[in-house]
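Only one structure is covered here, and it is reproduced in the block below.
The values are calculated or read from the model by the stated rules, or taken from the named source; none is laboratory data. Just so we're clear, the structure is a prediction, and the values are computed from it rather than from any experiment. Note: ideal-geometry Cβ built from the backbone for every residue, glycine included; neighbour counts use all protein chains shown.
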Amino acid sequence: MHWIDWLVIAVYFSALVGVVWWSSRKQNTTEDYFLAGRNIGWFAVGASLFASNIGSEHIVGLAGQGTSSGMAMAHWELHAWVMIMLAWVFVPFYYRSGVYTMPEFLEKRFNSTARWILSVVSLIAYVVTKVSVTVYAGAMVFETLLPEMSFTIGSTYIGPFWIGAIATVVLTGIYTVFGGLRAVLYTDTAQAIILLIGSAFITFFGLSKLGGWGELVTICKSNSEQFALWRPMSDPDFPWLGILIASPVIGIWYWCTDQYIVQRTLASKNLTNARRGAIWGGFLKVWPVMIFLVPGLIGYALHQKGVDGFSIPTEEGVIKGDMVFPTMVSSLLPVGLRGLVVGGLLAALMSSLSSLFNSCASLFTVDIYEKIYPGQSERHLVHVGRLATGVIVLLGLMWIPIMPMIAKGGLYKYLQSVQGYLAPPITAVFLLGLFCKRINSKGAVSGLAVGFIAGMAKLTIQGMAGAGKFADGSMLQFIGDYNFLYASGWLLVSSVIVVVGVSLMTKPPLASQIENLTYSTATDAQRKENRDSWNKWDVIATAGVLGLVLAMYLYFSFWLK
């Protein structure tokens, strides 16, 4: 790292401190702290949706997956079409309901038990998955780019991995605690720009070193089975049918029902800005394939070709995929740009963590604490939210020692497999709840409970099978090794059967319980408000996003033919 690189990073952090200070001046109510006073424009909402999604686990993990499995993970990065669903299908109900959190919406539609289940499971899932993989990925970046950053306390050596992990978690926690969602949203806007510029430079310089896009395609064609977008049914990891089943399930859960994401749209000035923010976020979401996944392909090609001595660390002759992006940053970029990209990596890490911390604080304060201790003042609830954020920071630090075990098999694949076990029951309950007025609270609670228990059972058995706890050929070994894509589909089917079955066997909900909360029970005034909130430009922008997704699919479906 040159002094100019450090200067670029220092300028970035100085700007960050300024935004946090400005944002912290008005944080007296829960609406200010958790939803930024519901006064955010569409540009900031969309940028925050994108930056909150694209964390260091995406930059590091996607490049690693590009190297090891080619375009197989591109399906998860082409979920811009799901964000269009968020804009047109889900946002109108969420925004008009005036809720702070997704569990709060479930309580309005069903009952408090459904709210409690989703709140507790969401908090556990955030700490176990998002905190762990995000911080681990960021720490790996520090280890590769800043190997000289270390010190010794007594006889204990503290290396760049631990310094980077602890420093970023603590700093992000501080600015989230004091700035609230307003600080998260506005810093996310700047971070989204840094992410795009930094990763675009990696792609540009990588292709320049390699000899252009044609050379990349030629090298990838030599191993087309590894790099194809669609894999045959015989593929053990990414069969095309499993992709078609699991990817939409995970996408709808993540983009349309997860507090971590939907909270950004709830902070909008009005329904128009909420919808346009989701559409703008969908446009940004189209590009990670090119600027995060493709660099992994480029890294593989540079390594195979031996360009200018470019070499990625290997383990037992196999490329360590999660080291590809940091290696490209340190090997390819000139002074100054290297600092910008490192700033982008820090931005990605801090953006994801800040969004996570604020969402956890919202869930705990609104869905748990206020239920146990009702009637508290607004200022008191803001203090509780800040305290909850601090606790999440500590839990994130406690997860650091086990991150290497969590990351085995690739960060991004691990993340998607765990989400594939968490998503099905939530996706089923939200979709059925919005589109079928016959679904009642007993059905929703049963579906959530059964789905979560089954999903966690699969995850536990999978971990034990991987550790060799079961005999080969046994039923438990079969369940543990069963493809996570198909398992996600079966979990969805079982959750739907339970929700529908229990609902039909019990009394239907009263008309007053579902008024304005399903599509068939929306009032004429609601329908008019929804229609008045969009115009032809929203439709044109939506068509543009869907067209870009279709173009990406068409090209990469045949690019190695």
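Within the set Ser512, Ser495, the sole residue that is more than 30 Å from Gln416 (Cβ to Cβ), of a type in the set (Ser, Thr, Tyr) and in a helix (DSSP H, G or I) turns out to be Ser512.
Residues in region 288-317 that are touching a His at 6+ places or on another chain (Cβ under 7 Å), surrounded by fewer than 23 Cβ atoms within 10 Å (Cβ to Cβ) and either among the aliphatic types (A, V, I, L, M) or under 30 Å from Tyr553 (Cβ atoms) (or both): Ile312 alone. Filtering region 211-261 to residues that are over 28 Å from the mean Cα position of the chain (by Cα) and among the aromatic types (Phe, Trp, Tyr) leaves only Trp213.
On the stretch given as region 207-226, residues that are among the small types (Gly, Ala, Ser) and assigned to a helix (DSSP H, G or I) total 3.
Listed by position, the helices (runs of 4 or more DSSP H) enclosed by region 92-147 that each have at least 2 residues that are basic (Lys, Arg) and either under 24 Å from Thr265 (Cβ atoms) or in contact (Cβ under 8 Å) with a residue 12 or more places away in the chain (or both) are 102-109. Restricting Phe43, Phe34 to residues that are under 19 Å from Tyr95 (Cα atoms), modelled with pLDDT of 85 or more and in a helix (DSSP H, G or I) narrows the list to Phe43. Going residue by residue through region 227-236, is there one that turns out to be in a helix (DSSP H, G or I), at pLDDT 85 or above and closer than 16 Å to Ala51 by Cα? There is no residue in region 227-236 that is in a helix (DSSP H, G or I), at pLDDT 85 or above and closer than 16 Å to Ala51 by Cα.
Ser48 - would you say it is in contact with a strand residue (DSSP E or B) (Cβ under 9 Å, 6 or more places away or on another chain), in a helix (DSSP H, G or I) and modelled with pLDDT under 85? First the steps, then the outcome.
Details: in contact with a strand residue (DSSP E or B) (Cβ under 9 Å, 6 or more places away or on another chain): yes; in a helix (DSSP H, G or I): yes; modelled with pLDDT under 85: yes.
It is true that Ser48 is in contact with a strand residue (DSSP E or B) (Cβ under 9 Å, 6 or more places away or on another chain), in a helix (DSSP H, G or I) and modelled with pLDDT under 85.
Would you confirm, using the coordinates I've provided, whether Lys320 is under 15 Å from Gly64 (Cβ atoms) and either surrounded by fewer than 24 Cβ atoms within 10 Å (Cβ to Cβ) or among the polar types (S, T, N, Q) (or both)? The answer is yes for Lys320.
Test Ile193 against the stated conditions and say whether it is under 18 Å from the mean Cα position of the chain (by Cα), surrounded by fewer than 17 Cβ atoms within 10 Å (Cβ to Cβ) and at pLDDT below 90. Considered against the rule, which asks whether it is under 18 Å from the mean Cα position of the chain (by Cα), surrounded by fewer than 17 Cβ atoms within 10 Å (Cβ to Cβ) and at pLDDT below 90, Ile193 comes out as yes.
Ile406 passes every criterion in (1) among the β-branched types (Val, Ile, Thr); (2) more than 21 Å from Gln65 (Cβ to Cβ); (3) buried (at least 17 other Cβ atoms within 10 Å of the Cβ); (4) at pLDDT below 70 apart from (2).
Residue count for region 523-546 satisfying the condition of being in contact (Cβ under 8 Å) with a residue 60 or more places away in the chain and not in a helix (DSSP H, G or I): 2. With respect to the conditions (1) more than 27 Å from Leu241 (Cα to Cα); (2) of a type outside the set (Asp, Glu); (3) at pLDDT below 90; (4) part of a helix (DSSP H, G or I), Gln462 falls short on a single one, namely (1).
Please pick out the residue among Met456, Met552 that is part of a helix (DSSP H, G or I), surrounded by fewer than 18 Cβ atoms within 10 Å (Cβ to Cβ) and under 25 Å from the mean Cα position of the chain (by Cα).
On the way: Met552 fails: surrounded by fewer than 18 Cβ atoms within 10 Å (Cβ to Cβ).
Going through Met456, Met552 in turn, the sole match is Met456.
Take the conditions within 27 Å of Arg231 (Cβ to Cβ) and either assigned to a helix (DSSP H, G or I) or at pLDDT 90 or above (or both) and apply them to Ser488. Does it pass? Yes; evaluated as a whole, the condition is true for this residue.
Taking the conditions exactly as written (closer than 24 Å to Thr101 by Cβ and either buried (at least 22 other Cβ atoms within 10 Å of the Cβ) or of a type in the set (A, V, I, L, M) (or both)), does Phe435 satisfy them or not?
On the way: closer than 24 Å to Thr101 by Cβ: yes; either buried (at least 22 other Cβ atoms within 10 Å of the Cβ) or of a type in the set (A, V, I, L, M) (or both): no.
So Phe435 fails the test.
Return yes when Gly212 is buried (at least 21 other Cβ atoms within 10 Å of the Cβ), modelled with pLDDT of 85 or more and not β-branched (Val, Ile, Thr) and no when it is not.
Details: buried (at least 21 other Cβ atoms within 10 Å of the Cβ): no; modelled with pLDDT of 85 or more: yes; not β-branched (Val, Ile, Thr): yes.
Judged against the criteria, Gly212 is not a match.
Does Leu356 satisfy being out of contact with any Cys (no Cβ under 8 Å at 6 or more places or on another chain), part of a helix (DSSP H, G or I) and either at pLDDT 80 or above or closer than 22 Å to Ala10 by Cβ (or both)? First the steps, then the outcome.
Details: out of contact with any Cys (no Cβ under 8 Å at 6 or more places or on another chain): yes; part of a helix (DSSP H, G or I): yes; either at pLDDT 80 or above or closer than 22 Å to Ala10 by Cβ (or both): no.
The answer is no for Leu356.
Are there any pairs, at least 6 apart or on different chains, whose C-beta atoms fall under 7 Å, with the first in region 452-474 and among the polar types (S, T, N, Q) and the second assigned to a helix (DSSP H, G or I), and if so, which? As it stands, the answer is Gln462/Gly480, since those pairs meet every condition given.
For region 237-255, check the following and say yes or no: at least one residue is surrounded by fewer than 21 Cβ atoms within 10 Å (Cβ to Cβ) and in contact with a strand residue (DSSP E or B) (Cβ under 7 Å, 6 or more places away or on another chain). Yes, because at least one residue in region 237-255 is surrounded by fewer than 21 Cβ atoms within 10 Å (Cβ to Cβ) and in contact with a strand residue (DSSP E or B) (Cβ under 7 Å, 6 or more places away or on another chain).
Taking the condition of being aliphatic (A, V, I, L, M) and more than 28 Å from the chain's Cα centre (by Cα), how many residues in region 464-496 meet it? Before the answer, list the steps.
Taking region 464-496 first, the residues aliphatic (A, V, I, L, M) are 464-465, 467, 471, 475-476, 479, 485, 487, 491-493, 496.
Restricting the remaining residues to those that are more than 28 Å from the chain's Cα centre (by Cα) gives 471, 475-476.
Number of matching residues: 3.
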